[in-house]
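Accompanying notes for the structure given below.
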Amino acid sequence: MAATTLPGAREDSPLVALLKDAGIAAAIAFLLALPLMGFQTLDSGTTVDLQYRFHWVAIATVGVFFGRIVFTLLYRRAGAARSKAPGIVGQGMARVGEGLGRFLVPAFILFALILPFLPFADRREIDLATYVLIYVMLGWGLNIVVGLAGLLDLGYVAFYAIGAYSYALLAKTFGFSFWLCLPLAGILAAFLGILLGFPVLRLRGDYLAIVTLGFGEIIRVILVNWQPVTGGPNGISGVPRPTFFGLPFTNDPAEGETAFHEFFNLDFASLHRFVFLYYVILALVLVTNAVTLRLRKMPIGRAWEALREDEIACRSLGINPTNTKLTAFAIGAMFGGFAGSFFATRQGFISPESFTFIESAVILAIVVLGGMGSQAGVVVATLFLVLLPELAREFAQFRMLIFGAAMVLIMVWRPQGLLAHRAPTVSLGPGSGGSR
Amino acid sequence: MNRAAEGTLLQVEHLSMRFGGLLAVDDVSFEARTGEITGVIGPNGAGKTTVFNCLTGFYKPTHGRLSLHRDGEVYLLEQMEGHKIAQDARVARTFQNIRLFPRMSVLENLMVAQHNRLMVASGYTFLGLFGAPSYLRAEREALDLCRYWLDRIGLTEFADDQAGSLPYGGQRRLEIARAMCTQPVLLCLDEPAAGLNPRESGELSELLVAIRDGAGSDGQKIGVLLIEHDMSVVMRISDHVVVLDYGRKISDGSAEEVRGDPNVIRAYLGEEEDEELPPEVVADLTQHGGETRP
Ligand SMILES: Nc1ncnc2c1ncn2[C@@H]1O[C@H](COP(=O)(O)OP(=O)(O)O)[C@@H](O)[C@H]1O
Ligand SMILES: [Mg+2]
């Protein structure tokens with residue numbers, strides 16, 4: 001409101017507008033606070049009494065009034081600074097990001113590689129790092145679908161679930177090893193991605209989002225109800241644990257088996273399994289990243305991004321939109337399937353509980369917050385959205401509040417996501433400008 | 001060759017397109033030939049863009065046949081999917097409202113246009129993932145073609161900039177270059193001079209003539225279909241002009257013939273026949289003797 005008023009149009013108009021704007025905000029706060037904060041029920045044993053707390057309502061209303069004024073003034077100043085130097089701030093930041101990236105990325109990978117041997121790393125830390133890496137992988141998988149191809153998928157967790165259940169069922173029923181199940185789970189998830197994709201990919205934007213949301217729920221409902229196969233709400237327990245190329249991580253190996261610690265002449269420690277799992281997911285994550293970065297520079301990757309930018313133009317250039325979207329969907333689903341089967345072997349127990357809509361929402365938030373299409377952004381956003389809440393478990397009740405506030409602040413501060421800079425996938429290189 | 005004369009590239013026969021109660025294109029027939037620029041003119045809402053949308057598969061015509069003749073084969077465009085028309089029949093187009101990939105770089109825009117060729121060369125991605133030499137060679141050739149067009153449209157130094165950040169004229173030229181990177185036999189341009197200043201539209205005319213005569217197509221002449229409002233451009237470079245009004249074709253011939261056609265003059269100046277015509281139009285009419293073609 002205040003922002004739309006022309007400064008200096010009338011002597012007092014900006015001030016009046018500011019007050020009016022703050023007044024409206026305060027009025028809304030009052031209406032909300034009255035029922036929410038104004039009354040409190042007191043249970044006095046036999047009857048329920050009502051207590052009035054109108055001073056709370058007054059505090060909230062006045063607080064919002066002045067808060068709004070401060071916010072508007074700050075925001076207007078920031079806006080003025082931005083319009084004075086359009087793009088320069090952003091570009092400068094991107095350049096700083098690029099320079100840092102050249103140094104930070106290898107440092108980050110090195111840190112991830114030696115993490116289990118750092119002095120502070122114990123079972124809990126390594127397990128937490130494994131947990132975070134699962135989300136990084138899911139974020140990168142969904143990034144292909146949402147960030148690159150621009151297809152809003154709200155049911156990504158379905159592919160995660162399919163991967164997990166494929167692994168659990170294949171490993172339990174047929175005794176397949178993890179390394180055999182992993183590709184199978186990925187292929188199954190990709191196949192389901194294509195199956196889902198065929199009918200729905202002609203939909204756009206909101207419609208696609210709703211259908212994929214439905215798909216995620218359908219898969220979960222099937223998992224709950226197909227009792228004989230999926231175990232229903234009880235899930236599947238006793239999912240085979242990973243082995244180190246056939247050497248199990250147990251203290252009392254079965255007859256004729258050699259345990260990991262026996263083979264390597266170590267004392268038994270449950271830590272071994274956690275470290276092994278950590279390296280497995282780290283390897284998967286690094287492969288996912290390498291493949292995605294490579295795909296981005298391939299014709300298919302450029303077609304995904306072009307499709308995100310303008311589907312009609314793509315068609316006029318001879319790109320088959322349906323096939324191109326399907327490949328994005330299938331490859332994204334495949335990475336989701338990989339992550340799912342890793343999740344199953346790590347947990348040893350899976351149930352539909354783990355694959356609710358909130359998971360899809362968190363993964364999508366990671367992609368959007370990171371900056372659509374940015375690989376590094378996904379990592380940063382995962383640290384924000386997954387690691388931070390885990391570390392802040394002590395503040396149990398304020399956790400979601402802080403989480404929400406952080407997301408709102410980030411979206412106000414950087415609406416395009418944390419790392420929105422996009423480097424071109426190809427450039428002419430030295431000696432450009434010649435003719436054919 | 002299906003009643004088509006030698007050199008005929010595109011044959012539009014009895015094309016009609018109906019939107020609900022509106023007949024946007026009404027029984028229009030014309031031809032476009034290789035090595036010629038065919039201008040399509042007409043007042044706003046005459047149905048020019050609709051004809052293009054039918055040609056390039058965005059609309060399915062209510063009626064009519066659209067045949068494209070290439071290498072001795074006939075492609076019936078009205079039965080093909082949009083992307084197949086670009087891929088197999090090799091018809092490329094630009095849009096009245098520019099449609100670039102704004103957040104991708106200028107160079108990437110040109111690379112995307114070579115998608116199908118690169119897809120095949122990359123073994124549908126599988127070989128390319130492992131850096132197969134055949135793919136790397138194809139990519140180098142694709143970059144050479146980009147380089148050629150960037151040079152041609154004067155955007156080499158902006159190759160790595162976002163396409164959306166180019167000035168308007170640059171975006172128009174980039175869209176044409178992008179269409180040319182698909183290596184078409186027929187290029188359809190929807191008001192490419194709109195919003196350009198006189199110097200820019202002069203350069204555009206030269207570019208279009210060069211494209212017609214085989215620039216960037218290894219010397220192979222191609223056909224150009226040009227919708228344009230800027231009469232100076234159409235009349236100067238068109239080898240042949242088709243005039244539409246209210247969805248119907250009202251004139252068809254050389255620029256000279258069309259300019260003198262009373263039907264065209266009436267369409268552009270209004271319907272009232274008993275109204276006195278402006279003197280310069282009368283002069284024009286008498287000069288050309290009013291050669292009317294049915
Ligand atoms: N998709 C559509 N749905 C309904 N009417 C349309 C559609 N596209 C075009 N028209 C109508 O068809 C007529 C011709 O439009 P168009 O081909 O864009 O004209 P031009 O390009 O010659 O200015 C106009 O009256 C327009 O409103
Ligand atoms: Mg038009």
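The values are calculated or read from the model by the stated rules, or taken from the named source; none is laboratory data. From a predicted model like this one, the values you see are computed outputs, not experimental measurements. Here the Cβ is made from the backbone with ideal geometry for all residues, glycine too, and neighbour counts use every protein chain on show. SASA here: full protein model, heavy atoms, side chains in, ligands and nucleic acids out. Shrake-Rupley method; radii C 1.70, N 1.55, O 1.52, S 1.80 Å.
How large is the translational diffusion coefficient of the stretch A:149-201 in µm² per second when you combine the Kirkwood radius over alpha carbon pairs with Stokes-Einstein at 10 °C and 1.306 mPa s?
134
On a C-alpha basis, how far is the centre of the stretch A:332-349 from the centre of the stretch A:133-167 in Å? Whole number, if you could?
10
Where does each of A:Val62, A:Val367 land when they are ordered by accessible area, with a 1.4 Å probe and the largest first?
If we order A:Val62, A:Val367 from most to least accessible, we get A:Val62, A:Val367.
Running Debye on the stretch A:228-338 with equal point scatterers at the Cα sites and no solvent, what base-10 log of I(q)/I(0) appears at q = 0.11, 0.12, 0.14 Å⁻¹?
Here the Debye-derived log intensity ratios amount to -0.63, -0.69, -0.78.
What is the Rg over Rh value, at two decimals, for the stretch B:85-166, using alpha-carbon atoms and the Kirkwood definition of Rh?
The Rg/Rh ratio comes out at 1.00.
One-quarter of the Cα convex hull surface for the stretch B:128-201, in nm²?
The directionally averaged projection comes out at 6.4 nm².
State, to one decimal in nm, how far the label point of A:Leu118 lies from the label point of A:Val221, with both points 7 Å from Cα in the Cβ direction.
About 4.5 nm, to one decimal.
Multiply the residue separation of A:Leu104 and A:Ile194 by 0.36 nm, subtract the distance between their alpha-carbon atoms, and state the gained length in nm to one decimal.
Contour length minus Cα-Cα distance gives 28.7 nm.
If I take R0 = 60 Å and measure r between the Cβ atoms of B:His14 and A:Val48 in this structure, what FRET efficiency does the formula 1/(1 + (r/R0)^6) give, to the nearest 0.05?
For R0 = 60 Å, the calculated efficiency reads 0.15.
For chain A, set up a GNM with springs between Cα atoms under 10 Å and report which of A:Phe264, A:Phe66, A:Phe245 has the largest fluctuation.
Highest fluctuation of the listed residues: A:Phe66.
If you consider only alpha-carbon coordinates, what radius of gyration and Dmax does the stretch A:129-252 have, in Å?
Radius of gyration, then largest Cα-Cα span, for the stretch A:129-252: 16.3, 55 Å.
Helix-derived [θ] at 222 nm for chain B: sum -39500 (n - 2.57) over DSSP H runs of at least 4, divide by residue count, nearest 500?
-10000 deg cm²/dmol, from helical runs alone.
Mind listing the long-range amide H neighbours of B:Ile250? Cut-off is under 5 Å, sequence gap 5 or more, other chains count too, H placed in the peptide plane at 1.01 Å from N.
The answer is B:Val243, B:Leu244, B:Asp245.
How big is the dipole moment of the stretch A:15-78 about its Cα centre under a simple scheme where the beta carbon of each Lys and Arg is +1, that of each Asp and Glu is -1, and everything else is neutral? Debye, nearest 20, please.
With Lys and Arg at +1 and Asp and Glu at -1, about 460 debye.
Would you mind estimating how fast the stretch A:15-78 diffuses translationally, via Stokes-Einstein at 37 °C and 0.692 mPa s with the Kirkwood radius over Cα pairs, in µm²/s?
In µm²/s, the coefficient rounds to 250.
Taking every pair of distinct Cα atoms and averaging 1/r, then inverting, what Kirkwood hydrodynamic radius in Å comes out for chain B?
Radius from the Kirkwood sum: 20.2 Å.
Can you tell me the order of A:321-330, A:37-46, A:170-179 when each peptide is scored by its average per-residue count of other Cβ atoms within 10 angstrom, highest first?
A:321-330, A:170-179, A:37-46
So what is the relative contact order of chain A, in percent, for Cα pairs below 8 Å that sit 6 or more residues apart?
Value for chain A: 22 percent.
Just to be sure I understand: of the beta bridges DSSP finds with both ends in the protein assembly as shown, what percent are antiparallel, rounded to 5?
Of those bridges, close to 65 percent are antiparallel.
Taking only protein heavy atoms into account and a 1.4 Å probe, give the accessible area per residue of the stretch A:138-185 in Å².
26
Pop out the ³J(HN,Hα) list for the stretch A:270-276 in order, Karplus 6.51 cos²θ - 1.76 cosθ + 1.60 with θ = phi - 60°, rounded to Hz; leave Gly and Pro as x.
5, 4, 3, 5, 5, 5, 4
Under the definition of Cα pairs under 8 Å and six or more residues apart, what whole-number percent is the relative contact order of the stretch A:15-78?
Normalised by residue count, the contact order of the stretch A:15-78 is 40 percent.
Taking each residue of A:303-312 in turn, how many C-beta atoms of other protein chains fall within 10 Å of its C-beta, and what is the average?
Mean partner-chain Cβ count within 10 Å for A:303-312: 5.
Measure off 7 Å from each Cα along the Cα-to-Cβ vector at A:Leu74 and A:Glu394, then give the distance between these two points in nanometres to one decimal.
Taking the simple label geometry, A:Leu74 and A:Glu394 are separated by 2.6 nm.
Applying the Karplus parametrisation 6.51 cos²θ - 1.76 cosθ + 1.60 with θ = phi - 60° to the phi angles of the stretch B:160-173, what ³J(HN,Hα) value in whole Hz is obtained for each residue in order, glycine and proline being reported as x?
9, 7, 5, 4, x, 8, 6, x, 3, x, x, 5, 4, 5
Suppose we keep just the alpha-carbon trace of the stretch A:290-388; what are its Rg and Dmax in angstrom?
Spelled out, the Cα radius of gyration and Dmax of the stretch A:290-388 are 16.0, 50 Å.
Placing unit charges on C-beta atoms (Lys and Arg positive, Asp and Glu negative, everything else neutral), compute the dipole magnitude of the protein assembly as shown about its Cα centre in debye, rounded to 20.
2180
Give the A-B buried accessible area in Å², both sides summed, 1.4 Å probe, nearest 100.
Result for this pair: about 3600 Å² buried.
What figure, in Å² to the nearest 10, do you get for the accessible area of A:Tyr278 with a 1.4 Å probe and non-protein molecules left out?
Rounded to the nearest 10, the figure is 10 Å².
May I ask for the longest run of chain B untouched by GluC sites (Glu not before Pro) that are loop-located per DSSP and have at most 10 neighbouring C-beta atoms (other than their own) within 10 Å?
B:7-270
Any idea what diffusion coefficient the stretch A:108-413 gets from Stokes-Einstein, in µm²/s, Kirkwood Rh on alpha carbon pairs, 20 °C, 1.002 mPa s?
This corresponds to a translational diffusion coefficient of 106 µm²/s.
Please list A:Phe65, B:Phe126 from largest to smallest accessible area, probe radius 1.4 Å, with all protein chains kept in place.
Ranked from most to least accessible, the order is B:Phe126, A:Phe65.
Just counting partner chain Cβ atoms within 10 Å, what average do the residues of peptide B:94-101 show around their Cβ?
4
How crowded by other chains is B:117-126, given as the mean number of beta carbons from other chains within 10 Å of each beta carbon?
Average per residue, whole number: 3.
Given Cα pairs under 8 Å that are at least 6 residues apart, what percent is the relative contact order of the stretch B:106-221?
Across the stretch B:106-221, relative contact order equals 26 percent.
With every protein chain left in place and a probe of 1.4 Å, what is the accessible surface of B:Arg199, to the nearest 10 Å²?
B:Arg199 exposes around 150 Å² with every protein chain in place.
Per-residue accessible area for A:Leu169 at 1.4 Å probe radius, Å² rounded to 10?
A:Leu169 has an accessible surface of roughly 50 Å² with all protein chains in place.
What number do you get for the protein assembly as shown when its Cα radius of gyration is normalised by 2.2 N^0.38 Å, N = residues?
1.20
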